[in-house]
Each structure stands twice: as structure tokens, then as C-alpha cells.
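Engineer: Pasting in a structure now, in C-alpha cells, and then I'll have a few things to ask.
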Ligand code: FES
């Protein structure tokens, strides 16, 4: 059994050209048998024999690759036929036929490759290394987001500026001049009403204050009408006490009236026009600064325009033994009231 020898395409072509040259020199009509066509790498058996084609090299031009291959196949076939003769052993046909049946048919016109693969294997390989292409909406969420490109050294990062929102369109003016007039009238009317209400409120407030002032007048802090000035020993004979003048308007005098030593309280009001006379210790008299009226120590007027003597207040000895003066009661000499025991205290 002849040993199969694997040959490349280049060797086959070289062998075909060599055989072609020899055959053309000896007998261009009868091609010589050539060595058996080597099987492709990994091919389990020989390829089926092709029908010989007429050589085109005899035409004088250079044969093409297809012609060379056809010639090689024709020589191979002729070699097989020569092996059927008694001079050359005939290779067994059955194994070749079986191998040809087991081997898938190769394309006649397509380019020959070192490894022949079927369509399923080619599709599987394409799918395995296929890059992700367009996806449907259902597959979109599962698709990972594209990674940002890493910054290149020396290149400044570009800031991503969000798009500027569109400016709102200004609202169209409604109404025009009519609206302006209405607004002006409303403002004017509102201002006038506000001014009127303000003036009315101020007037009402002032009226309320005046009414309250009328209903609740100022209350003068007047001293009580009755007050105590001490014991009789504090007022010796001939003594005119002036210390109660500022607060009570009273002179407390220990003097003689109509031959009777008494302690009495003289009112510090001039009987002319109401001025306050002054006690002159050196002159032993009361002198009015307004018009010059003069009064003796007992209160009898003796000079000036004063028409009558000074008045007396009621005086008595209180329960505690002190002298108590009551300004609510007054006694006039011209009316004979100084004779009233309530107008003096006997010493
Ligand atoms: Fe005293 Fe006129 S008021 S003299």
C-alpha cells in the first residue's frame, strides 16, 4: 500500500508545473501520471477526483492557476488510471470512494484554505467573539453604561456644562390702557379712603382722650384739713410759728386778744386780694407784699387796702393732748366769730 504524503499547495503547483513541462516536451497530448494529491491538513481521506480539463498551456501563453490545478487533477486521475494497468498497481477504489463519501464536498470555485469548517462552527465562532450590537428596549437596562474615557496625561479635563434652561416668555399685558385706568382709579380711591379712615381714627382717639380727661380730672394731693402741730408747751407766749406756712398755710400764734392769752391759727391769706403776707419779727406785724396791707399779731388789719382782719381756723386740744387744727372751718372777726371757743385754745 502506497504511503500517503502530505504536500502543500505550493508543492502541488510546483509538481504540476514540472510535470507539465516534461509532458509538453515528450508528448503534449498525453499527460504523465503524477503523484497522488496530498490531502489537506487534518483531512481524513482523499478528495474525489475531478474530471480532466484540456490544458491551455499548449496555446503558448502562461497557464493560469486554475489551469494548473485542473491539469494536476487530470494527471492525478490519469495516474490512477495508469495504476489500473498491469504496469502500475491499481490503488484500491473502495477506500477512496468511502473516504470521498465521508468527506464533505469542497467548493470547486471557492478559495481553498488549510482548515475547512462547516457553517455551524463558523457561526458559533462568530457569536462567541461577537461584539455587543444594537439591543432592544427590553435588553437596554441590562446593558452596562459606557465607561468614561480615562483622562489622557497632559490633557485638561473638559467640564460638562448642563444646558441652560429656556427663558420664560414674558406674559402679555392684559387689558392695556383700560387696565391701567382701572388700577389708577383703584389706587386713588384706596388712598383717599385710607386717608379718611386715618383722620377719623385720629379724631376719635383725641375725642376719647378728652372725654376721659373730663370724666377723670386730676386729683390734687391736698393735705388733710385736720392736722396736729404739737403740745401747747411748744408755743410760748408771744410766739408766732411760721413753719406750717408752706405746707398748711397757717400761723400758730400764742398772743393776747382783748386781754385774753390764747393760742389760735391765722389763715395766711390777705383779705385784700389773696396774697400771702409775711411775718416781720422785728416789726411784730404781718406785711402783705402785694399792696402793703399790714396786720397786727392778733390779725387785725391796720394799714393798707385790706378791708378786714385775717381769718382764723378752728383749733382744739386733741385726745392725745396735742393741738389739732381744722382748716375746714374758718372764723371771721368782723362777724364776731372769734368769740367762738372753737377758734382758740386758752393758755
Ligand atoms: Fe394784700 Fe393787696 S393783697 S394788700
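The values are calculated or read from the model by the stated rules, or taken from the named source; none is laboratory data. No experiment lies behind these values; they were computed from the predicted model shown. Positions of Cβ are generated from backbone atoms using ideal geometry, with glycine treated the same way; all protein chains shown enter the neighbour counts.
Engineer: For the range 334-347: of the residues being touching a helix residue (DSSP H, G or I) at 6+ places or on another chain (Cβ under 9 Å) and assigned to a loop (DSSP other than H, G, I, E, B), which is surrounded by the fewest Cβ atoms within 10 Å (Cβ to Cβ)? Even if it seems obvious, please write down each step before you answer.
Structural biologist: Taking the range 334-347 first, the residues touching a helix residue (DSSP H, G or I) at 6+ places or on another chain (Cβ under 9 Å) are 337, 343-345, 347.
After this cut, where a residue has to be assigned to a loop (DSSP other than H, G, I, E, B) as well, the list is 344, 347.
Values: 344: 23, 347: 14.
It comes out as 347.
Engineer: Here is a further query. Considering only residues that are in a helix (DSSP H, G or I), modelled with pLDDT of 90 or more and surrounded by 10 or more Cβ atoms within 10 Å (Cβ to Cβ), which ones fall in the range 211-233?
Structural biologist: 211, 232
Engineer: Something else now. Pairs, please: C-beta under 6 Å, at least 6 apart or cross-chain, first residue more than 18 Å from residue 248 (Cα to Cα) and in the range 270-282, second assigned to a loop (DSSP other than H, G, I, E, B) and within 6 Å of the ligand (Cβ to nearest atom)?
Structural biologist: 272/291; 272/293; 272/305; 272/306
Engineer: Yes or no: the range 256-278 includes at least one residue that is closer than 24 Å to residue 222 by Cβ, away from the ligand (no atom under 16 Å from the Cβ) and not in a strand (DSSP E or B).
Structural biologist: no
Engineer: Further question on the same structure: Do you know which residues across the range 188-230 are at negative phi and in contact with a strand residue (DSSP E or B) (Cβ under 7 Å, 6 or more places away or on another chain)?
Structural biologist: Hits for the range 188-230 are 225, 226, 227, 228, 229.
Rundown of residues vs (1) away from the ligand (no atom under 15 Å from the Cβ); (2) closer than 19 Å to residue 248 by Cα, yes/no style:
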residue	(1), (2)
290	no, no
314	yes, yes
321	yes, no
340	yes, no
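Residue-wise test of (1) more than 10 Å from the ligand (Cβ to nearest atom); (2) at pLDDT 95 or above.
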position	(1), (2)
281	yes, no
286	no, yes
294	no, yes
310	yes, yes
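Engineer: Okay, moving on. So how many residues does the range 243-264 have that are surrounded by fewer than 15 Cβ atoms within 10 Å (Cβ to Cβ) and in contact (Cβ under 8 Å) with a residue 24 or more places away in the chain? Don't jump to the end; show me each part of the working.
Structural biologist: Restricting attention to the range 243-264, the residues satisfying the condition of being surrounded by fewer than 15 Cβ atoms within 10 Å (Cβ to Cβ) are 243, 246-247, 256, 258-261.
Filter once more, keeping what is in contact (Cβ under 8 Å) with a residue 24 or more places away in the chain: 247, 256, 260-261.
Number satisfying all stated conditions: 4.
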